Each structure stands twice: as structure tokens, then as C-alpha cells.
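Following: one structure in C-alpha cells, then a few remarks.
The values are calculated or read from the model by the stated rules, or taken from the named source; none is laboratory data. Just so it is clear, the structure is predicted and the values come from calculations on it, not from any experiment. Every residue, glycine as well, gets a Cβ built from its backbone with ideal geometry; the counts of neighbours run over all protein chains shown. Heavy atoms of the whole protein, side chains included, go into the accessibility calculation; ligands, DNA and RNA do not. Shrake-Rupley method; radii C 1.70, N 1.55, O 1.52, S 1.80 Å.
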Amino acid sequence: MTTFDTRVAIFVRNDLATWKKLNVTAFLATGIAGTAPEAMGEPYVDAAGRTFARMLGQPMLVFAASTEDLARAHRIGIERQCVHAVYVEAMFSTGNDEANRLAFLAEDPETPGLVGIALRGSKKAIEKATKGVPLHN
């Protein structure tokens, strides 16, 4: 069994529509997985021998965050130099990756319109970022 020296936390704004929460969570998870090839598990193989995609082998916890929780976790993620994936409100109105990056670039870097972030960092950093934020239910 692999033990990781890092933790992953996904924060999603708690007042979003369900489809938006799921969409943001999926995008943020891919952002973290894309930066952590060493944390990717092996391909899944079923009893018929068919191969399926690898997934991140490290647990990810999803938190229901307020706007204030997002801002705080974002600040901590930057201060603690965590791997950091972001999703802003403006990205809901785009249709592709390039437009998403342009939408994010247009945000105020001190107060982006965050609807979700994902952090991968030390246990201590993630515990600080998640303190007081409830798990999503």
C-alpha cells in the first residue's frame, strides 16, 4: 500500500447548483491529477481483460466552502506553495480551455471570483486550509 506525504482537498462553493458543483469538482480533480503523475494508480483491468483508465491513487476530500472559505484556502495554498487548481465563476460561460484560461487571466489576482479550488500539499498545509470547512455531503 502506498502512503502519500501529501493531501488533496477540493473546495467547492456551497451555494452552486448541483450540476455546477459536480462540474467544478471534476475539472479541479483533473487539474491535481495532471500535476501528480507519481500519484496515479495503475490501469484498471476487469475480469474480461479489458483495460480502463488510471485514476489518482490518492484520496481526495471534497469540502462545501463559503466564499470566505475559498478565499482563505486560496491564500493559504499560495502561501504554503501547494499545487493549486482554480475555477472561477466566469468559466461557466466559456466553451473551451483557452477561453477558461483567458477568463481566469481577466480576474483580479487578489480577489478572483472563485467557485472552487483544489490543493495538493503537505498534511500541515491542507489541515490549515480545511480547518473549519465542512466536508461536502
Here are some conditions: (1) without any contact (Cβ under 8 Å) to a residue 60 or more places away in the chain; (2) hydrophobic (A, V, I, L, M, F, W, C); (3) open to solvent by 70 Å² or more (accessible area, probe 1.4 Å); (4) within 18 Å of residue 9 (Cβ to Cβ). Residue 27 meets all but one. Which one does it not meet? (1)
Sole residue being at pLDDT below 95 and out of contact with any Gly (no Cβ under 7 Å at 6 or more places or on another chain), chosen from 4, 27, 63: 4
So which residues in region 102-137 are modelled with pLDDT under 95 and over 21 Å from residue 80 (Cα atoms)? 136, 137
Please count how many residues of region 1-55 are under 12 Å from residue 120 (Cα atoms) and in contact with a helix residue (DSSP H, G or I) (Cβ under 7 Å, 6 or more places away or on another chain). 6
Among the residues of region 43-54, is any modelled with pLDDT of 95 or more, surrounded by 16 or more Cβ atoms within 10 Å (Cβ to Cβ) and aliphatic (A, V, I, L, M)? no
Among the residues that make up region 80-87, is at least one of them surrounded by fewer than 20 Cβ atoms within 10 Å (Cβ to Cβ) and among the aromatic types (Phe, Trp, Tyr)? no
